[in-house]
Amino acid sequence: MKKLLFMCINMNIGGTEKALLTMLNEIDDSKYDITLLMLEEYGGFLNEIPSFVKVKYVDEYKSIKPFVNEPPKILIKRLIKNKAYLTGLSTLLNYSISKITKNISYYYKYILKNIKGIDEEYDLAVAYAGPMDFITYFVLNKIKAKKKVQWIHFDINKIGFNRKFAKRNYKKFDKIFVVSEEGKEKLINLIPALNNKVEAFFNIISCNLIENMSKNEKSFDDLFDGVRILTVGRLSKEKGQELTINVLARLKNEGYKVRWYCIGDGPEKYNYRNRIKRLDIENDYILLGSKLNPYPFMKDCDIYVQPSKHEGYCITLGEARCFDNPIVTTNFTGANEQIKNEVTGLVCDISEQGIYQAIKRLLDNKELYKDIRTNLSNEIVDSTNEISKLEKLVNL
């Protein structure tokens, strides 16, 4: 039986974690012994980990977490202030070497100097939470495996991607999976030497599972009889929900009978609440909070909107395609790989105006709405065969 290890940060409720859980459920556990290694025991998806998966944690992470997550300059000042002089000076020295050499690996080596690697050897080890450089470094230097994989979930042109670190370290992996074709091309354009190692691996979506889960719980219970618009995603700036708040205000001012529901939680929640209150749309822009099972709402909404400013693939968009409700999505990386514009949805500019115009078209043009609904109902969404790419690599 081949032994696989996947490493991630935690099991927070998010697209990356959901994609991992779906993939783990698709792997044949009669053929593979699977271990999930996390930096910390945290997250709303912890109880969703399949029972056949062995779960391990980096027990020492709690003590080194500030070194990983805090800006080193702030951390060093705090250490000195707390009279941890030796640790502060040592941290300063190693961070300075990393800055001078432009190689963050020196700093990671220092952080992990007292942390023992994983004793067990695996056939395949995956740095799944990519591109998080710390996880990449850990998998390369603290895990023994015959083959190693780096996974990229985000648009590297839109996040703080460390090109120098990637150029030095990604070549050490046997394969680099990127969750969209467009994302793959962006990585190759940035680091051409990786061309032969990079392959697209779409997030696995099982519509049968999603449709079954949509029947398990109740959805909307407010008796609203107008058009229900739904958005699912973490409440953060890159997901673009602030654009949708203004769009709803405009639609309401024009007399449309619409209500917007937003599933998710995150750092922008209070800012969004304040904006909703200022625009006097508290009765019609509903923050539903985080939900493990958003699918009953996806099934019962009238329009699904994905307003993201950037994504790697966007798993919630893929999940929305399992139902036949018309979709509006902004034109982020990978959007056109999922939605055929004016056929299975509308792909619009990443702006308030773009989203507003697309929704208005669906509200005003009943034929377009009906055609998109029909096309979605005839589309087969199933990426479970992507798992063969992983199995092929393990068995080479």
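The values are calculated or read from the model by the stated rules, or taken from the named source; none is laboratory data. Nothing here was measured: the structure is a model prediction, and the numbers come from that model. Here the Cβ positions follow ideal geometry from the backbone for every residue, glycine too, while neighbour counts run over all protein chains shown. Accessible surface is based on the protein model in full, side chains and every heavy atom, while ligands, DNA and RNA are left aside. Shrake-Rupley method; radii C 1.70, N 1.55, O 1.52, S 1.80 Å.
Of all the residues that make up segment 140-163, how many are in a helix (DSSP H, G or I) and under 12 Å from Leu187 (Cβ atoms)?
1
For Lys218, all conditions in the list (1) closer than 16 Å to Glu352 by Cα; (2) open to solvent by 60 Å² or more (accessible area, probe 1.4 Å) hold save one; what is the number of the exception?
(1)
Among the listed residues Tyr107, Tyr85, identify the single one that is of a type in the set (Ser, Thr, Tyr) and surrounded by 15 or more Cβ atoms within 10 Å (Cβ to Cβ).
Just one listed residue meets the conditions, Tyr107.
Of the residues in segment 314-326, how many are under 16 Å from Ile350 (Cβ atoms) and part of a loop (DSSP other than H, G, I, E, B)?
Residues flagged as under 16 Å from Ile350 (Cβ atoms) and part of a loop (DSSP other than H, G, I, E, B) within segment 314-326 amount to 1.
On the given criteria, is Arg250 out of contact with any strand residue (DSSP E or B) (no Cβ under 6 Å at 6 or more places or on another chain), touching a residue at least 24 places away in the same chain (Cβ under 8 Å), in a helix (DSSP H, G or I) and within 29 Å of Thr333 (Cβ to Cβ)?
yes
Of everything in segment 199-220, what is within 19 Å of the chain's Cα centre (by Cα) and outside any loop (DSSP other than H, G, I, E, B)? Give them in sequence order. Please lay out each step first, then the result.
Just the residues of segment 199-220 that are within 19 Å of the chain's Cα centre (by Cα), to begin with: 199-207, 210.
Glu199, Ala200, Ser206, Cys207, Ile210, listed by residue number.
Given the residues Ile380, Ile339, which is the only one that is β-branched (Val, Ile, Thr) and open to solvent by less than 20 Å² (accessible area, probe 1.4 Å)?
None of the other options fit; the residue is Ile339.
Which of the residues that make up segment 344-372 are open to solvent by 10 Å² or more (accessible area, probe 1.4 Å) and under 17 Å from Glu319 (Cα atoms)?
Val347 - this is the single residue of segment 344-372 that is open to solvent by 10 Å² or more (accessible area, probe 1.4 Å) and under 17 Å from Glu319 (Cα atoms).
Condition (residue is closer than 14 Å to Gly130 by Cα and among the hydroxyl-bearing types (Ser, Thr, Tyr)) applied to segment 216-226: is it met by at least one residue?
Among the residues of segment 216-226, not one is closer than 14 Å to Gly130 by Cα and among the hydroxyl-bearing types (Ser, Thr, Tyr), which makes the answer no.
When the residues of segment 164-194 are narrowed to those that are assigned to a loop (DSSP other than H, G, I, E, B) and modelled with pLDDT of 95 or more, which ends up most open to solvent (accessible area, probe 1.4 Å)? I'd like the intermediate steps shown before the answer.
First pass over segment 164-194, keeping only residues assigned to a loop (DSSP other than H, G, I, E, B): 173-174, 179-180, 191.
Now narrow it down to the ones that are modelled with pLDDT of 95 or more: 173-174, 191.
On the way: Phe173: 1, Asp174: 72, Ile191: 5 Å².
The extreme case among them is Asp174.
Looking at (1) open to solvent by 60 Å² or more (accessible area, probe 1.4 Å); (2) in contact with a Leu (Cβ under 9 Å, 6 or more places away or on another chain), can you tell me which one Asn331 breaks?
It fails just one condition, (2).
If you check Ser98 against the conditions, is it open to solvent by 70 Å² or more (accessible area, probe 1.4 Å), modelled with pLDDT under 95, polar (S, T, N, Q) and more than 30 Å from Leu317 (Cα to Cα)? Give the steps one after another, and end with the answer.
Details: open to solvent by 70 Å² or more (accessible area, probe 1.4 Å): no; modelled with pLDDT under 95: yes; polar (S, T, N, Q): yes; more than 30 Å from Leu317 (Cα to Cα): yes.
Judged against the criteria, Ser98 is not a match.
Can you name the condition, by its number, that Leu230 falls short on among (1) farther than 19 Å from Gly334 by Cβ; (2) without any contact (Cβ under 8 Å) to a residue 60 or more places away in the chain; (3) in a strand (DSSP E or B)?
Leu230 satisfies every listed condition except (2).
Hey, does segment 148-163 have a residue that's basic (Lys, Arg), within 15 Å of Pro131 (Cβ to Cβ) and surrounded by 20 or more Cβ atoms within 10 Å (Cβ to Cβ)?
yes
Scan (1) open to solvent by 10 Å² or more (accessible area, probe 1.4 Å); (2) over 16 Å from Cys262 (Cβ atoms); (3) over 18 Å from the mean Cα position of the chain (by Cα) for the single condition Pro326 breaks and write down its number.
Here Pro326 clears every test but (1).
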